[in-house]
Structures are given as C-alpha cells and as structure tokens.
Amino acid sequence: MTVNPRNDSLFAALRAAFPADLDATAIETTAPDGTPLYYTWRDIDRASSRIANLLAALGLPGGSRVAVQVEKSVEAMLLYLATLRAGYVFLPLNTAYQSAEIEYFIGNAEPAVVVCMPGNFGWVSKIAFTAGTRHVFTLGENRDGSLLERAAYHADTHEVARKGADDLAAILYTSGTTGRSKGAMLTHGNLLSNAVMLNEYWGWRQGDVLIHALPIFHVHGLFVAIHAALLGGSKMIWLAKFDPKAVIAALPRATVFMGVPTLYVRMLGEGALTRDAASHMRLFISGSAPLLIETFRDWQERTGHTILERYGMSETIMLTSNPYSADARHGGQDERRGGTVGFPLPGVGLRVVGDDGQALPVGETGNIQVRGANVFKGYWRMPEKTAEEFTQDGWFKTGDVGVVDERGYVRIVGRSKDLIISGGYNVYPAEVEGYINELPGVAESALVGVPHPDFGEVGVAVLIAKPGAVLQPDAIVAALKARLANFKIPKKCFVVAELPRNTMGKVQKNLLREQYKGLFA
Ligand code: MLC
Ligand code: AMP
C-alpha cells in the first residue's frame, strides 16, 4: 500500500485502498427485520459522497464537530466516513448516554451538527439548539431519518477535502478520575499512521474478511476494526449487535475477529464454538480490557487458535501488540503470550517509570508512559489537563501500571487511575459517586470494581446515609438509571454505617474491593 500518512487525509488513504473492482461486496449485514443486505465498495463511495456533500452544503466553519449518537448501522459508519471526507471532526457518543451526559458533551464540544436517533429527536434537539447547534438530523437503524432523506438530494461524487496530518479528525470523550469528561483530540496523522502500521503488523492480506461485532463509538470498533478492513480492501460481516451465536455462525466465512474479553467469554459459553467452526479463521484479536489467562487458554483448547492480545487507549489508539508472526525486532522467536499485551508497536515509544518519574530497569513495575505519531494532540479546550498528562519531555502518562520483561513483553498489572473497566467500557468511580452523593439522604459513597465472570469487572457502590435518612439500595439504582448510561450503574449497592478510612481520612477502596471481591464469583 502506498500511503503517506504525512500528507494524506485519512479518508483519502482509505478510499485509495478500495479494491479495483468497486462492484465487489464490501459489507454484508442484515436489516433489523432479518433481510440480508449487501453493500459494494461503490455503494460506500457514493453514499459517503452524498452525506459529505450534504455536510459541505451547510457552509460549516472549518474544524466543525459532527456529534453523533445513533444505533450501530452501516449508515452510521458511512456518516463517520462522510465526516472525514468533508473534512470535519467526528464526535461519536455511546448510545447508552442519558440526557445529562449528552448535555455535557454537546455543551463542551459545541458541535455544528448533531445526529441522533429518531426517537430521541425531541430531547436531543432541545439540548443541541440551546447549546447553539444549528443542524440536528436523525438516523435510524433502518436507513430511516432526516440525514439520509436530505443526503439523497445531493450528488454521489465528492472530492475529498484536503487535510494534513496535523488536522483534527475526531474527538473521543474519555472520563477523568476527577472532574468531567475530556475530549481527546485525534488527528488524521494519529489515526492514519496507526492504521497503516497495524495493517502491516497484523499481516492484513487479500481475501481477509472481518467480523465486525463491536460498537462504533469507541477506538476499538470505530478505528481499529473499520480502518483495518477498509485499508485492507477487506469485506466486513457487519453485526449491529454482538450475538455469540451469530459470530460463531459467521466464522466459516471470515478470517479476522476483534473483540473485548467479554465477547470471548460469551462465545466460549456456546457449544457450537469448535475447532472445526474456527478452522477458516486467521486471527482473533482481543483488547480494551485484560484478557484472563483462563480465557486465553480455554480459547486455545477449544479452537486451536491463540488470541492476539493488544493494548490501547482513546488518547493513543494502539500502543502494544503481541506478535502476529515473529517480530524481527525481538529476535524473531516470539509467540503470543497470555497475560501480556505484547511489544510496543513499531513507532511507539514505551517506558516504565517510578513515582519520581525516573525510568525503571527491566522487570520493575511502574507507570507506563508512551510517545509516538499515534499520541493525541491534547484534550479539547483543556490545556491544563493536557499539560498535566504529559511529562516535560513529551511522554504521555497512560495511568496504567505495568512491567516490561527481559524479552520485551509488556504486562499491565494495574492502574494508577481510579477506573473500572466493565465489559470493555470505562466507568470512572468519581463520576458515579458524584451522582450518588447528590441523591437525597446520601452522605457519602464509594464505587469499587470487583471481579465478574461476564464483564471482567463491575462496579459495586458502598454508601453511608445522612443521619436519620433510610436508604433503599433498589431506589438508589433506579434513581441512577434515569441519569447515567446503563453500564455505569452499580451492579449492587450496600448501605453501611461507615467506610474504612486511613489516618488521613481517605476511603480505603482496596479494603472494600477485598471485602466484596467474592460477590459475583
Ligand atoms: C451492558 N451492560 C453492561 C455492559 N454492557 N454492564 C456492565 N458493563 C458493560 N459493558 C448491562 C446493561 O446495563 C444492561 O443492564 C444489560 O447489561 C443488558 O444490556 P445490553 O446492552 O443488552 O448488553 P449487551 O448487548 O449484552 O452488551 C454487552 C457487551 C457490550 C459486552 C456486548 O458491553 C459491548 O459491546 N462492549 C464492548 C465495549 C467496547 O467496544 N469497548 C471498546 C473501548 S475502546 P440492565 O440492568 O439495564 O438490564 C478502548 C481502547 C482499546 O478501550 O484499547 O480498545
Ligand atoms: P479508553 O479510555 O476507553 O480508551 O480505555 C483505555 C484503557 O483500557 C487503558 O488505559 C487500559 O487501562 C485499558 N486497556 C486497553 N487494552 C487493555 C488490555 N489489553 N489489557 C489491559 N487493559 C487494557
């Protein structure tokens, strides 16, 4: 592939990788009513052109954000591509976010365009218009809504907007351990350089077929999976929602699958997952959360395939990967090792430092810092937060704690950030505790992550009541559900007389984690 990430816009590079036969099938999916649907490469080109022309016709200022909260569909992916194509900045939002969360993102990002689900138009448009957004469109799961209706009036050819490596392509909101969510600004150069490198590192080849079963509002499903398939000119089997049976049924027609550990755990629960069913596959990739060694081994035993685990972040896209084939940089003798996230990827600098910021020797555990063309430009309109997260010599502090062994494999052993990763979604205790503490009768709360067989880790809330107040755990959960995305809701709530504290008065979350660790065992 002849892509120069320094000069090319991301979309121009993706478009250049389309196969010569534009009438070949690019995407195979099913409509919500079960009807099979096929999209050719030409369909992708034309439909993304129409939407790009619609966006261009709105006369938006350069750098305008297009905020999108819609169910997963091929058209939702086309809207992403069209935004890149037209040169604007894509801002995806988890479909689980509730109105208070959406109000914050729209208020903070000030998007020029908001696209929401048809059923949410009433409340989303109210928030958007109040924040100064001029254009609100809808996009449904069934190719319905005003976006496509309006786009249909536009031409199906479009000249790709010229963008350089430093121009913004997307903003991904990631919560913070303190305060509100921060928008990580990713450039065309960040996304393209990472995608091109991964294509090579993971041995992407002609004839590959990717099963796409992840949501498309985070790095994993939106960037890693889609860019890999498009750059490879590879067909995608597109599932609007993860269903273990559907993925297993698709394996004989596919070669690559990407998932968070929960997806692998759920597939292992299906008797239909056999060596035979997986025999056509080339590669299974896992990331976004730690893959338990038992899952790694069970998968090997059941399918004969060794899952390739990799590690990344919204701010950096992909950082490390186990080898696809022997990595010459490491003597060419490498294997995919369970319990590790592999080697720093080509072009990624990774170091482990102590709390004093000094680099630690091989084999010692410390804070992981990274740098490279993949590392984001900073947090949207938060220069102080950006400055805090970088060292003076330009390394990004990941907040992950790890160790590099003598062969160069990186192992993540914990996090310095107070974060729970549940089924691949991040839950920041500080945010959830803030909502709990606002509820009537609550004096204080602590949210801790405990092991869970399906989601890997889930949040458990421990609360103390104000004097005289009586708290009902069920009522707490119900009140939170109205305000927060469903995956952030604690799976259990306990009301206690007091929280364990250290001599400084700080809640000792490690003791709570220990106390509740067997809850879901
Ligand atoms: C759903 N639920 C969850 C949850 N997902 N609870 C905790 N954690 C989760 N992740 C709960 C809902 O609140 C609901 O509860 C019930 O499960 C059913 O909801 P659902 O939407 O029907 O669930 P399901 O479709 O089964 O979703 C599970 C899942 C999904 C694992 C398929 O969570 C998922 O797609 N996860 C992938 C996340 C992802 O792509 N992460 C990448 C981040 S990028 P109730 O009580 O309301 O019924 C990144 C960087 C990198 O981290 O390195 O890749
Ligand atoms: P996000 O903010 O959603 O991009 O989440 C990024 C975080 O997910 C990282 O900082 C890690 O803590 C975690 N993560 C991603 N991949 C892995 C992995 N393979 N193993 C352990 N943690 C991971």
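In deg cm²/dmol and to the nearest 500, what is the mean residue ellipticity at 222 nm of the chain if only DSSP H runs of at least 4 residues count, each as -39500 (n - 2.57), divided by the residue total? Mind showing how you got there, number by number?
Working: 15 runs with 143 residues, N = 521.
Computed ellipticity for the chain at 222 nm equals -8000 deg cm²/dmol.
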Original post:
³J(HN,Hα) across segment 194-203 via Karplus (A = 6.51, B = -1.76, C = 1.60, θ = phi - 60°), whole Hz, x for Gly/Pro?
Top reply: 5, 5, 5, 5, 5, 4, 6, 5, 8, x
**OP:** Express the accessible area of segment 419-516 per residue in Å², computed with a 1.4 Å probe while the remaining protein chains stay in the model.
**Re:** 48
**OP:** Quick one: which residues, 5 or more positions from Val70 or on another chain, have an amide H under 5 Å from its amide H? H modelled 1.01 Å from N in the peptide plane, none for Pro or chain starts.
**Re:** Leu93
Original post:
Which cross-chain or sequence-distant (5 or more) residues have an amide H under 5 Å from the amide H of Asp400, H modelled 1.01 Å from N in plane?
Top reply: Ile368, Ser416
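Compute the accessible area per residue over segment 10-241, keeping the other protein chains in place, probe 1.4 Å, unit Å². Intermediate results must be reported in sequence, preceding the final value.
Working: 8240 Å² over 232 residues.
Ligands and nucleic acids excluded, the result is 36 Å² per residue.
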Original post:
Taking θ as phi - 60°, what are the ³J(HN,Hα) couplings along segment 371-388 by the Karplus curve (6.51, -1.76, 1.60), each to the nearest whole Hz, with x for Gly and Pro?
Top reply: 8, x, 5, 7, 7, 4, 8, x, 8, 3, 6, 9, x, 5, 4, 4, 4, 4
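As a test of the definition: which semi-axes, in Å, follow for segment 10-241 when you take the square root of five times each eigenvalue of its alpha carbon gyration tensor? Largest first, please.
26, 20, 18
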Original post:
Between Ala443 and Arg407, how many nm apart are label points set 7 Å from Cα along the C-beta direction?
Top reply: 5.3
Subject >> Area of Arg483 that stays accessible when all protein chains are in place (1.4 Å probe, Å², to 10) >> reply: 90
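Rounded to the nearest 5, what % of DSSP beta bridges with both residues in segment 26-107 are antiparallel? List each step's numbers first, then the result.
Details: 4 of 8 bridges.
So the antiparallel bridges amount to about 50 percent of the total.
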Subject >> Fraction of accessible area attributable to carbon and sulfur, the chain (%, probe 1.4 Å) >> reply: 49
**OP:** Give the long-range amide H neighbours of Lys235: residues separated by 5 or more places, or on another chain, with amide H under 5 Å away, using H modelled in the peptide plane at 1.01 Å from N.
**Re:** Leu210
**OP:** Enumerate the calculated ³J(HN,Hα) couplings along segment 453-463 in order (Karplus 6.51 cos²θ - 1.76 cosθ + 1.60, θ = phi - 60°), each rounded to whole Hz, writing x wherever the residue is Gly or Pro.
**Re:** x, 9, 8, x, 8, 9, x, 10, 9, 10, 10
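From the C-alpha coordinates alone, can you work out the Kirkwood hydrodynamic radius of the chain, in Å?
Details: mean 1/r = 0.0417 Å⁻¹.
After inverting the pairwise mean of 1/r, the radius is 24.0 Å.
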Subject >> With all protein chains modelled, accessible area of Glu444 [1.4 Å, Å²] >> reply: 60
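Provide Val450, Val477 ordered by accessible surface of protein heavy atoms (probe 1.4 Å), highest first. Walk me through the intermediate numbers first.
On the way: Val450 0, Val477 35 Å².
Per-residue accessible area, sorted high to low, gives Val477, Val450.
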**OP:** Filter the cross-link list Lys182/Lys385; Lys385/Lys506; Lys377/Lys397; Lys466/Lys517 down to pairs whose alpha-carbon distance in this structure exceeds 18 Å.
**Re:** Lys385/Lys506; Lys466/Lys517
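The values are calculated or read from the model by the stated rules, or taken from the named source; none is laboratory data. Keep in mind that this is a model prediction, so the values were computed, not measured. Every residue, glycine among them, receives a Cβ derived from its backbone with ideal geometry; neighbour counts consider all protein chains shown. Note: accessible area is taken over every heavy atom of the protein model, side chains too, but ligands, DNA and RNA are not part of it. Shrake-Rupley method; radii C 1.70, N 1.55, O 1.52, S 1.80 Å.
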